[in-house]
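What follows is one structure encoded as structure tokens, with my remarks underneath.
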Amino acid sequence: MPNDEESTALAPPAVVVALCASAASTASLEYLLTRLPAQPEAALIVVLQHREALDEDRFAWVLAETGREAVPILDGAPVEAGKIYLPAPGAIVTVEDNRFRARPAEQAPGERGVIDSLLVSLARVEDGRCIAVALAGTEADGTLGVKAI
């Protein structure tokens, strides 16, 4: 039987927020993150179209200015409240049973549906406890997922 500390660590966050944007132009995402207060009850997942184009140093600096850092997503890791997650370049990420599932993308950048994959999985398993924020530059990726949520 798990102790209270283990149960708390594996309890799902009150809400999962998917911040969706283009890595080629992160100004709106940076603006949002620098003004968003800490969300200890929420897990934030930053999912980016064209993730390979992200200026990782700048993004880390922007988060550091707010006292935060992005946590890499590992396959099988639990989704925990109070963290900001950032999928690796070339990964398709979904959520099942409050755990991340990550696999290498088979399609070329721009053809992967990284945003839709995550959002549709959240809509299926988070039972109304998810929010999608779609910013400019994602082309059609995210349309299906936002509709599902």
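Quick note: the coordinates plus some simple rules give every number you see, no bench work behind them. Because the structure is predicted, anything quoted here is derived from the model rather than measured. Cβ sites come from the backbone with ideal geometry, for glycine too, and all protein chains shown count toward neighbours.
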- Based on the Cβ-Cβ distance of ALA14 and ASP75, what FRET efficiency does E = 1/(1 + (r/R0)^6) give at R0 = 30 Å, to the nearest 0.05? 0.80
- Query: Points 7 angstrom from Cα along the Cβ direction at ARG103 and GLU52: gap in nanometres?
  - Reply: 2.0 nm
- Long-range HN-HN contacts of CYS130 with modeled amide H, under 5 Å: VAL16
- Query: FRET efficiency for ALA38 and ASP127, Cβ-Cβ distance as r, R0 = 25 Å, nearest 0.05?
  - Reply: 0.55
- Residue-normalised 222 nm signal for the chain, counting each DSSP H run of n ≥ 4 as -39,500 (n - 2.57), nearest 500 deg cm²/dmol, is -8500 deg cm²/dmol
- Item | Tensor-based shape of the range 67-149 (alpha-carbon gyration tensor, a/c under 1.5 rounded, otherwise prolate or oblate) | rounded
- Message: Is there a quick way to get the dipole size of the chain? I mean about its Cα centre, with the Cβ of Lys and Arg at +1 and of Asp and Glu at -1; what is the value in debye to the nearest 20?
- Response: 300 debye
- Given labels modelled 7 Å from the Cα in the Cβ direction, how far is it in nm from THR66 to THR143? 2.9 nm
- Query: When only DSSP loop residues count, what trypsin sites (Lys or Arg not before Pro) in the range 60-149 have their Cβ near at most 15 other Cβ atoms within 10 Å?
  - Reply: ARG129
- Message: Under 10 Å, Cα contacts only: if you run a Gaussian network model on the chain, which one of LEU32, LEU48, LEU122 comes out with the highest mean-square fluctuation?
- Response: LEU32
- Where GluC sites (Glu not before Pro) in DSSP loops with at most 12 other Cβ within 10 Å are excluded, longest remaining stretch of the chain: 1-40
- Any helix of the chain counts here only if DSSP assigns it H throughout, its Cα atoms span 15 Å or more along the axis, and its mean Kyte-Doolittle hydropathy is at least 1.0, and such helices are 114-125
- Note on the structure: Amide H contacts under 5 Å for ALA42, restricted to residues at least 5 apart in sequence or on another chain and with H modeled in the peptide plane, are GLY82
